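Single-structure report; data block below.
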Amino acid sequence: MADSSTSMRLRLPLLCIILEVILIILFGALVEYDHDTHPKEWNKNRTSSTNDYKNEFYYRYPSFQDVHVMIFVGFGFLMTFLQRYGFSSVGFNFLIAAFSLQWATLMQGFFHGMHEGKIHVGVESMINADFCTGAVLISFGAVLGKTSPVQLLVMAIFEVTLFAVNEFILLSILGANDAGGSMTIHTFGAYFGLMVTRVLYRPNLSKSQHRNSSVYHSDLFAMIGTIYLWMFWPSFNSAITHHGDPQHRTAMNTYYSLAACTLSTFAFSALVNPEGKLDMVHIQNAALAGGVAVGTAGEMMLTPFGSMIVGFLAGTISVLGYKYLTPVLESKLKIQDTCGIHNLHGMPGILGAVVGAVTAALASPEVYGEGLQRVFGEVETGQWKPESKGGFQAISLAVTLGMALFGGLVTGFILKLPIYGAPPDTHCFEDGLYWEVPGEEEGHNELHEVATPNEVEKLSS
Amino acid sequence: MADSSTSMRLRLPLLCIILEVILIILFGALVEYDHDTHPKEWNKNRTSSTNDYKNEFYYRYPSFQDVHVMIFVGFGFLMTFLQRYGFSSVGFNFLIAAFSLQWATLMQGFFHGMHEGKIHVGVESMINADFCTGAVLISFGAVLGKTSPVQLLVMAIFEVTLFAVNEFILLSILGANDAGGSMTIHTFGAYFGLMVTRVLYRPNLSKSQHRNSSVYHSDLFAMIGTIYLWMFWPSFNSAITHHGDPQHRTAMNTYYSLAACTLSTFAFSALVNPEGKLDMVHIQNAALAGGVAVGTAGEMMLTPFGSMIVGFLAGTISVLGYKYLTPVLESKLKIQDTCGIHNLHGMPGILGAVVGAVTAALASPEVYGEGLQRVFGEVETGQWKPESKGGFQAISLAVTLGMALFGGLVTGFILKLPIYGAPPDTHCFEDGLYWEVPGEEEGHNELHEVATPNEVEKLSS
Amino acid sequence: MADSSTSMRLRLPLLCIILEVILIILFGALVEYDHDTHPKEWNKNRTSSTNDYKNEFYYRYPSFQDVHVMIFVGFGFLMTFLQRYGFSSVGFNFLIAAFSLQWATLMQGFFHGMHEGKIHVGVESMINADFCTGAVLISFGAVLGKTSPVQLLVMAIFEVTLFAVNEFILLSILGANDAGGSMTIHTFGAYFGLMVTRVLYRPNLSKSQHRNSSVYHSDLFAMIGTIYLWMFWPSFNSAITHHGDPQHRTAMNTYYSLAACTLSTFAFSALVNPEGKLDMVHIQNAALAGGVAVGTAGEMMLTPFGSMIVGFLAGTISVLGYKYLTPVLESKLKIQDTCGIHNLHGMPGILGAVVGAVTAALASPEVYGEGLQRVFGEVETGQWKPESKGGFQAISLAVTLGMALFGGLVTGFILKLPIYGAPPDTHCFEDGLYWEVPGEEEGHNELHEVATPNEVEKLSS
């Protein structure tokens, strides 16, 4: 099934080894332990062991591990819904995430982690690297089944770089709030991926259409991914907020947003089906939109009440998107979005950005008290005004959309070069092209020897 | 397969949307951030950032996430053991849990979280809401495969409400200890569910009997649920105990109880089988009984020694229950208990209540030192006596049983109304009634065209 | 399928019950709560609740839970790759882990946890017990599919005991560092298991060869195990290091080692395949070698740079081992290593020991500052020299290899006695021998009635 044009024999090893060697060299030259991971720094002037609990590790490591599970199990298994693409879904997810988190450490460090020419790393940089990886995996969802692992690694190189630039503009220049990444992660990852898949449009993809669907067990594997993403989203949104009340509040707002989102997802999934049957695609994806949509405002005084409204809306637009918008995107705009990332990350990400801008514009010292400047850092300058803050949040969304679409366009054309071993139209959504695929079970194999109706006819005639 | 009588087209969306709108309105009117999630409260008189580590978030959020995994992955996948009910098991579990945790926030807040007319929420209320949800999911296990999602939501409305009332009586009026919920969660959820399934008795359920069993892969999916429940049960039992030694001790007692329980489960599973073969039903369920049975006494001085004895007993009675009691319950008492919740939650829950009463009655300041009043709060009054404490624990069990049986009876009759689109006897344990179910894999589909022996006979004659 | 020679009817219950009774008696006689779990000790001289956050529970419990997931889900599901051995893989893993952690508490407590004749237990001893269990599960990987549960329990009795002795020699006598267990866990578990499987060599194992391989879905279940092991390995290596910077640093070093290892695994998996296709066996196993290989040096100043080099090497030798060494081990040395533990734990474990010795030999007060003695405890004596430290690390590796090979030899001969109900050569890798195995799905069952080509021939002739 694998001929030389799609063989990974040399392409993949060469790319992986070159990339890893470059990473190792750059890490050797640039990366250093930060204050909380360095034995000399942390133990300077140590008098007793009493304040080890103040190490950043204890504030953030449990959240980091939850985020880590979302990246590797959540995204990986969510995409196993395809009937014969489970190895690739989990496996390529694994590969590009392992690469991206290393590359992101460098790119993000370069833009906002430099100390005297060195990149300082610790649990916070690990969370940020995982976050950046999340954006790449969102884009992966759009091109799932239609790209070789080499293409995916090349996409990751560019996307991680642009992610870091966009994040720098938003957080450092515009001073935007986006702890859970409605803009930096979800909107960016979605529109970047949609533009890439647009450029890589395959007019004859219908030749693989019979494999572009789920089977019973693959849908259950995908639910493993869904449920882990859903459960740990509160940790995702709160992972890099300030210590204390912001982390606590963000987790809780996300918890309620997701719960409300789940109810609207079930409601609209049944409503849009002629027989009133639930659709696994909706449950697997739209129920998560509530987490995306409070990614910016979650740390603010959104309140559980506000969170639930946002979550309910997010689930609704996401289901409606799967039902009515995705087919149009494909037929009219030639955007073949395998996982429907526009419905899970694109629209809910924009919703999240808008909710964030509005919530920020409504902020006041009366409501936040002394906690105001811990949420909106720049208050310290004394010139902070909620309205202008809201404006900067809105500008941030526009910048993100621009960066994502432009970056996806360029990256798409780079990925179109015929050198990466992309699958032919006839073998998309098929593990066998890049993986040694085992046979079926013993019992099943025997079945292959049973007579087909044709044989029976022949014999009896 | 879905005719109008079971269609969810209007019923489910209508109920979901109405419930969520009510929830949102009540949250808007009643729910407020608590001290540790409110920026104004938490940062009042803030001098430095040094004591953010005292935020309740850092004491409890890791435990909360473990509990959250048990609720959504643990319960959800444990019930996927049925061959064609995986979508419903994980999906309906997801739906009713997402609803219940919101409703529980209100009901539990109403009974023991009111502050000047407002319900204060934070990580502790989130854990309690998840706990209450656990009881509903236990009851779900009894009626699994025989109820529509609308019925399940209606059941959740009533069960959550009664749970909160019972919890209030036990914890606030009787001053009982029940950190891990042997009584409030397991005993209550089990007997409530058993009574509901008794009222909903289906004499002709045998028409669906061929689907009321597992297949090879569904048993493996169920083991995902089992193992997660087993691993995180120490977090479950310790999640809302006092900070410090009680949380630490409870987790460890549960750890040893479960380990001992696993050995007795394997022992008796092989022993009761004529060929000495292990039964997946026992391993999936009875191995967890050790967690249930130390739910009350886990925070006390049960010691690892005592925990192991209790765990060993719990595994034993649970396996024997599956083997000898469940068939009798169905044939004599007309209780069709799909998951055998009587063996996993019912009997071990009662065992846990009794162990709790005895351990409390044996408590003394000599053993607990100054830690006594942190376990048994009312010591502060100075009139505390271990014997009377043991008595109140025993009374709590009786109250719980009464509330559960009465509540289940009433709820059962409400669920019997023919308006919820319940499945007919011929289509129980079948996803296809409420879900769009994909076909089998490409390869498998071809098999459907092979000739059956009948056809061969016809052809050759 | 189960005749009396392999029946577990009496053997397994008898062994389980006797072992658990012995455990309970020994726990009753010897085990006590430690300072942080005992209400009297912890609350002695309590003035306010302000320092509960110093309880060991909050430093280590999240790490413990991650380790716990690795032991039960990680190891359990990793071994489900065989087509008809999923019940046994997860189930026996569950059984022997539940036994081993209890037995390890006693054995490890006996050697390095005694306080006035009592074994003190808390979250640290729980982590250590899980660690010891890990070694047993590694050995299980070598004999997977070829042993009865009774044999496995007997193996665990001996292996846990020897593990504790070896650990005592390394950590207490030689003063070695091995926080993540490159030597004590991985090297020991691997060579112990390899020697056991050598002694249990089955010349006619080819009779079961058709079941000694994976199917599509079993490979996906195995990936659940792989990904959980990969994600939580940072927690594993850092779980029992000192508070503060060592725990933080170890987790981060492991994170980068694993990421680099994943890239070399994909690279070499494609490279060694004639068609350039990826092999699931490599991805499932070799990608984890990076965690093993930084198990000793992870807490030292290995730096992310060094970690990535080590991880890259570990992935490389692991893939090459699967491809070229495993077949030779079987044909020349008669070592039938079902899971290839030599490639995942054996060689990477030795690599980790060597890297640890070198990194220790390079340690200096200039680099570690006041943190030096928190990593290399014996500095306190004032006579500490990095070169001799490196030497002791190297001696520790030699001791471990000796203990493992000798212990495995003796245990292998004990396991060879014909009294444990071991599977015959014709029924290895088969759940049906020890488990009630359900039929296939309804749809599939019907297929069993289709005519085979033979029947068709008969009929038509």
Quiz item: Of all residues in the range A:171-183, which are over 13 Å from A:F376 (Cα atoms) and either part of a loop (DSSP other than H, G, I, E, B) or open to solvent by 10 Å² or more (accessible area, probe 1.4 Å) (or both)?
Solution: A:I173, A:G180, A:G181
Quiz prompt | Which numbered condition B:G109 fails, given (1) of a type outside the set (D, E, K, R); (2) assigned to a helix (DSSP H, G or I); (3) within 21 Å of A:M223 (Cβ to Cβ) | solution = (3)
Quiz item: Taking the stated definitions as given, is B:K385 free of Cβ contacts under 8 Å to residues at least 60 places away in the same chain, more than 22 Å from the chain's Cα centre (by Cα), surrounded by fewer than 18 Cβ atoms within 10 Å (Cβ to Cβ) and closer than 23 Å to B:A404 by Cα?
Solution: no
Quiz item: Filter the range B:71-111 for residues that are more than 25 Å from B:H35 (Cα to Cα) and open to solvent by 30 Å² or more (accessible area, probe 1.4 Å); which is nearest to the chain's Cα centre (by Cα)?
Solution: B:F81
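Identify the residue in the range A:58-75 that is at the interface with chain C (Cβ under 8 Å from one of its Cβ atoms) and of a type in the set (V, I, T) and, among all such residues, is farthest from A:K118 (Cα to Cα).
The initial filter retains those residues of the range A:58-75 that are at the interface with chain C (Cβ under 8 Å from one of its Cβ atoms), namely A:58, A:61-62, A:65, A:68-69, A:72-73.
From the residues that got through so far, the ones that are of a type in the set (V, I, T) too are A:69, A:73.
Values: A:V69: 29, A:V73: 32 Å.
Looking at the filtered set, the residue picked out is A:V73.
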Quiz item: Taking the range B:21-57 only, how many residues are within 7 Å of chain A (Cβ to nearest Cβ) and without any contact (Cβ under 8 Å) to a residue 40 or more places away in the chain?
Solution: 13
Self-check item: Members of the range B:274-333 found to be buried (at least 24 other Cβ atoms within 10 Å of the Cβ) and either assigned to a loop (DSSP other than H, G, I, E, B) or at positive phi (or both), listed by number
Solution: B:V294, B:G295, B:T296, B:M300, B:L302
Quiz item: Can you find a residue in the range C:360-375 that is within 18 Å of C:H186 (Cβ to Cβ) and within 30 Å of the chain's Cα centre (by Cα)?
Solution: yes
Quiz item: Of the residues A:G244, A:G193, which single one is closer than 23 Å to A:R84 by Cα and open to solvent by less than 10 Å² (accessible area, probe 1.4 Å)?
Solution: A:G193
Quiz prompt | Lone unmet requirement of (1) over 24 Å from the mean Cα position of the chain (by Cα); (2) more than 14 Å from chain C (Cβ to nearest Cβ); (3) among the charged types (D, E, K, R) for B:D337 | solution = (1)
Quiz prompt | Counted residues, the range C:112-123 - those being crowded, with 19+ Cβ neighbours inside 10 Å and part of a helix (DSSP H, G or I) | solution = 1
Quiz item: In the range B:194-238, how many are under 14 Å from the mean Cα position of the chain (by Cα) and farther than 30 Å from B:M252 by Cα?
Solution: 1
Practice problem: Go through the range C:131-149 and give me each residue that's in a loop (DSSP other than H, G, I, E, B) and open to solvent by less than 10 Å² (accessible area, probe 1.4 Å). | Solution: C:L144, C:G145, C:T147, C:S148
Quiz item: So which residues in the range A:225-241 are open to solvent by less than 10 Å² (accessible area, probe 1.4 Å) and facing chain B (nearest Cβ under 9 Å)?
Solution: A:T226, A:I227, A:Y228, A:W230, A:M231, A:P234, A:S235, A:S238
Practice problem: Taking the options B:F87, B:F92, name whichever one is closer than 26 Å to B:I25 by Cα, of a type in the set (F, W, Y) and within 10 Å of chain A (Cβ to nearest Cβ). | Solution: B:F92
Quiz item: Going by the conditions given, is A:S206 surrounded by fewer than 23 Cβ atoms within 10 Å (Cβ to Cβ), more than 9 Å from chain B (Cβ to nearest Cβ) and not β-branched (V, I, T)?
Solution: yes
Exercise. List the number of the failed condition for C:H342; all other conditions in (1) in contact (Cβ under 8 Å) with a residue 12 or more places away in the chain; (2) over 25 Å from C:G134 (Cα atoms); (3) not charged (D, E, K, R) hold.
Key: (2)
Quiz item: Before we move on, is B:G28 under 28 Å from B:V165 (Cα atoms), more than 23 Å from the chain's Cα centre (by Cα) and open to solvent by 10 Å² or more (accessible area, probe 1.4 Å)?
Solution: yes
Self-check item: helices (runs of 4 or more DSSP H) within the range B:7-83 that include 2 or more residues at pLDDT below 95
Solution: B:39-42
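The values are calculated or read from the model by the stated rules, or taken from the named source; none is laboratory data. Bear in mind the structure is a predicted one, so any value in this text is a computation, not a measurement. Every residue, glycine as well, gets a Cβ built from its backbone with ideal geometry; the counts of neighbours run over all protein chains shown. For accessibility, only protein heavy atoms count, side chains too; no ligands or nucleic acids. Shrake-Rupley method; radii C 1.70, N 1.55, O 1.52, S 1.80 Å.
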